[in-house]
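Chemist: Take a look at the following structure, please.
Throughout, read-outs are computed from the coordinates displayed, never taken from laboratory work. Note that this is a predicted model, so its numbers are computed, not measured. We place every Cβ from the backbone using ideal geometry, glycine too, and count neighbours over all the protein chains shown.
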Amino acid sequence: MPATASYSCALVTGASSGLGEEFALQIAPRVEKLVLVARRETLLVELADRIRAELPHVEVAVFAADLNRSAEREQLLEQLSSRGLLPDLLVNNAGLGDYGEFASSDWGKLQSMLGVNIEALTHLSHLLVPQMIERGRGAIIQVSSLASLIPIPDFAVYAATKAYVTSFSEALRLELREHRIPVLAVCPGPVRTEFGEVARRDPNKNIPAKKSFYVPKQQVVAESLAALQRDAARIYPGWKTATIAWVLSNLPRVVLRYVMGFRPRRS
Ligand SMILES: NC(=O)c1ccc[n+]([C@@H]2O[C@H](COP(=O)([O-])OP(=O)(O)OC[C@H]3O[C@@H](n4cnc5c(N)ncnc54)[C@H](OP(=O)(O)O)[C@@H]3O)[C@@H](O)[C@H]2O)c1
């Protein structure tokens with residue numbers, strides 16, 4: 001986080017597991033107030049207790065909310081306002097994937113993915129940016145993905161939602177520059193979290209990913225917070241992920257289409 005800028009209150013969505021939990025743990029020592037949001041309240045309460053035990057001076061608040069529901073997002077804002085918990089650091093991390101062919105996908109799961117990855121992230125930004133501008137301070141971390149760089153067969157909708165996140169994040173960053181509110185798109189490659197269990201359709205089949213490409217969640221979050229500190233537009237945590245991102249960004253589209261045609265799920 002900017003050495004000169006300090007944040008008093010941070011809100012982390014999807015804090016009940018994976019990257020969100022890790023964001024909460026690494027941000028906690030740097031703020032006075034921390035707001036944890038996800039659906040699984042028990043996990044949020046456990047995390048809050050753990051943080052309070054280590055950092056008794058930090059006020060930790062838990063809000064169980066289904067971010068796929070617009071009304072719950074509005075209620076969240078009302079509660080934050082009334083309890084003096086409007087964040088000056090927003091980490092839009094909650095998200096999910098769906099791995100498999102589009103034709104046989106479940107509409108309910110696709111709708112949740114569109115709702116959480118795109119709509120909730122955009123709505124929370126929309127609800128919270130005006131007060132950041134008004135107060136003259138703030139920062140936003142939008143958790144996107146390496147998948148945002150390319151159309152991925154068998155991950156078609158997920159990759160498209162993340163393309164939205166990266167594009168939105170970069171444009172918002174330019175709009176908010178005059179207000180000195182940094183916006184960072186975090187674009188991880190594979191990370192061991194609950195993401196794979198949620199995304200896969202068959203509990204006996206894991207999503208294909210090379211073990212050597214996994215980056216520990218601690219490293220993903222540490223590199224992301226350092227990137228926010230230097231006001232970077234995007235971060236691809238881990239040198240292997242950064243190298244893949246560079247290659248994908250520079251390959252001619254025609255070559256990419258050919259390469260992406262080798263679908264691991266089919267082979
Ligand atoms: N792991 C990876 O390989 C990877 C790679 C690139 C990008 N990402 C991105 O990283 C972010 C975090 O994912 P993760 O890897 O940490 O996966 P995860 O362990 O499955 O965590 C996802 C989080 O999102 C929350 N969430 C999902 N649906 C929600 C809803 N309707 N309302 C509120 N919260 C909801 C979950 O909480 P509840 O279930 O308790 O609601 C959970 O805390 C996601 O945006 C994901 O796309 C992950």
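Chemist: Determine, for Phe23, Phe262, the number of other Cβ atoms within 10 Å of each Cβ, and report the residues in order from fewest to most. Mind showing how you got there, number by number?
Modeler: Numbers: Phe23 28, Phe262 9.
Ranking Phe23, Phe262 by Cβ neighbours within 10 Å, fewest first, gives Phe262, Phe23.
Chemist: Could you list Asp106, Asp66 so that the one with the fewest beta carbons within 10 Å of its beta carbon is first and the one with the most is last?
Modeler: Numbers: Asp106 11, Asp66 15.
By the 10 Å Cβ count, ascending, the order reads Asp106, Asp66.
Chemist: Take the alpha-carbon positions of the range 143-199, form their convex hull, and give its projected area averaged over all directions (one quarter of the hull surface) in nm².
Modeler: Result: a mean projected hull area of 4.3 nm².
Chemist: Another question, if that's okay. For the range 143-201 and the range 75-125, what is the separation of their Cα centres, given in Å?
Modeler: Centre-to-centre distance over Cα atoms comes out at 12 Å.
Chemist: Quick one: what do you get for the range 44-186 if you divide its Cα Rg by 2.2 N^0.38 Å? If you can, show how the numbers build up before the last one.
Modeler: On the way: Rg = 16.6 Å, N = 143, 2.2 N^0.38 = 14.5 Å.
In units of the globular-protein estimate, the range 44-186 measures up at 1.14.
Chemist: Still on this structure, please answer the following. Can you list, bin by bin at 5 Å, the percent of alpha carbon pairs in the chain, starting at 0?
Modeler: The calculated distribution, bin by bin, is 1, 6, 13, 18, 20, 17, 12, 7, 4, 2, 0, 0.
Chemist: So, how do all the Cα-to-Cα distances of the range 147-267 break down into 5 Å bins, in percent, from 0 on up?
Modeler: Bin by bin from 0 Å, the calculated values are 2, 10, 16, 22, 22, 14, 9, 4, 1, 0, 0.
Chemist: Among the listed pairs Lys33/Lys109; Lys109/Lys210; Lys109/Lys240; Lys33/Lys211; Lys33/Lys240, give every one whose C-alpha distance is greater than 28 Å.
Modeler: Where the Cα-Cα span goes over 28 Å, the pairs concerned are Lys33/Lys109; Lys109/Lys240; Lys33/Lys211; Lys33/Lys240.
Chemist: What percentages make up the Cα-Cα pair-distance distribution of the range 13-64 when the bins are 10 Å wide from 0?
Modeler: Over the range 13-64, the share of Cα pairs per 10 Å bin runs 30, 62, 8 percent.
Chemist: Ranking Glu223, Glu46, Glu119 by Cβ neighbours within 10 Å, fewest first, what do you get?
Modeler: Numbers: Glu223 20, Glu46 14, Glu119 17.
Going from sparsest to densest Cβ surroundings: Glu46, Glu119, Glu223.
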